[in-house]
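Engineer: Submitted below is the structure of interest, expressed as structure tokens.
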Amino acid sequence: MGTIKEFLKMKTTKIGIATALLFQLIFSIIWMTGYEGVSEQIDKLSIAVVNEDMKSGAVIAKQLSAALPVKVETAADMESARERLDDRRIQMIVHIPANFTALAASRDGKAAIQYVVNESNPSMIKSMMTSIASQVTAAANKQAIAAGTQAALSQGMPAEKAAATSVLLSERVVSDIQSVNIVDGTNNQMVPMMMVLASLVGAMIMAQNFEISAMAISARTGRWQRLGARFAITIPAAIVVSLVGTSLVMLLGGQVERGFWALWSFQTLFVFTFMLVAQALVALLGTAGMLLNIVLLSMQLVSSGAMIPRELLSGIYVNLGSVLPATYAVEGLMNLLFGGPGNGSIAAALLVTAAVMALVMTGVTALRREPAADGTTSATAQSRSGTVPES
């Protein structure tokens, strides 16, 4: 019992318990508010309709806006629509071919509506778009039934024969769902979240220990020396940590469309950025900086789009994701792992964040005064030895 009391008297024990409680509190509040109402936000997703049929296709395309729970855009051609899909500005293409009406009305053929989905997204996108494709096909089938029955009746066909004809027409429209940037398995789908989570937690713990190290050597080193040492250690640490992460993904059979070197260099960039963000907050705020790092960890996991599409989040989390580095890390990883546009603008955003954090650390160092312990200790030692410092 005495050992327990002694253990509980230690400051580190109390901090450990408080940290565990804070994780529960912070994650519960952020995740419950961040993912609230996600299923009601589907109207923020977009599809593009490419219609090449001026008869039934035009009618179907016109009806989609009112019938579907998502935004419906019109694209002039497949090339422009695919470009928007690749950039993740839309979530699916609905392509109605030029011979749609003719095939839907023929007795020997079937009309197909082509759907193109970009799998280089959170997994929820594919399931939601597949559901919407089923709705569109069902609506197209109804349109074909109505048109066929009307044509049959207008030709004076007996009601029995018209009914039989409408039954045939009810199966005339089918779905042709295609995927681009295909993700090979759930394990690969989870890689962006895994890499970002591991990097954020590692950077956060590293920042805490760097601050402890800096305080331990503060009596015998200068502030600028300590800042230089931070940068000198952080850069190679980011390179080595990223090398291990990228190598393990490759060795364990991970899907990497752009290759090892592209993934390693990009991971080095976002890991370095994460490290600077975490260290800057601790250097600026001390213990409160560690608390803020925990808050940002949870916020970035929610707002980055690693698990839930950012379009489905509330406005505050969408805006947060636009300024937090994890969002750019997830987007860049999806481009490199599964396929997508180039990472030029994403890398630029991460570099700007890293530069700002480096400036914050430099500013904190410039404003921070050196501890007076050095001078006091020196003066005390000299007085005890009976010597007076030279003027």
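The values are calculated or read from the model by the stated rules, or taken from the named source; none is laboratory data. Please read all numbers here as calculations on a predicted model, not as lab measurements. Glycine also receives a Cβ, built like all others from the backbone with ideal geometry; neighbour counts cover every protein chain displayed. Just so you know, the surface numbers come from the protein's heavy atoms only, side chains and all, with ligands and any DNA or RNA stripped out. Shrake-Rupley method; radii C 1.70, N 1.55, O 1.52, S 1.80 Å.
Engineer: Of the residues Leu333, Leu320, Leu351, Leu313, which is open to solvent by less than 10 Å² (accessible area, probe 1.4 Å) and out of contact with any Pro (no Cβ under 7 Å at 6 or more places or on another chain)?
Structural biologist: Leu313
Engineer: Something else: Anything in the stretch 110-136 that is open to solvent by 10 Å² or more (accessible area, probe 1.4 Å) and free of Cβ contacts under 8 Å to residues at least 60 places away in the same chain? List them, or say none.
Structural biologist: Within the stretch 110-136, Lys126, Ser127, Thr130, Ser131, Ser134 meet the criteria.
Engineer: Right, here's the next one. What are the residues in the stretch 255-273 that are farther than 15 Å from Asn335 by Cβ, in contact (Cβ under 8 Å) with a residue 60 or more places away in the chain and open to solvent by 10 Å² or more (accessible area, probe 1.4 Å), if any?
Structural biologist: Phe272
Engineer: Might you let me know whether the stretch 274-287 holds any residue that is of a type outside the set (A, V, I, L, M), buried (at least 20 other Cβ atoms within 10 Å of the Cβ) and not in a helix (DSSP H, G or I)?
Structural biologist: Scanning the stretch 274-287, I find no residue that is of a type outside the set (A, V, I, L, M), buried (at least 20 other Cβ atoms within 10 Å of the Cβ) and not in a helix (DSSP H, G or I), so the answer is no.
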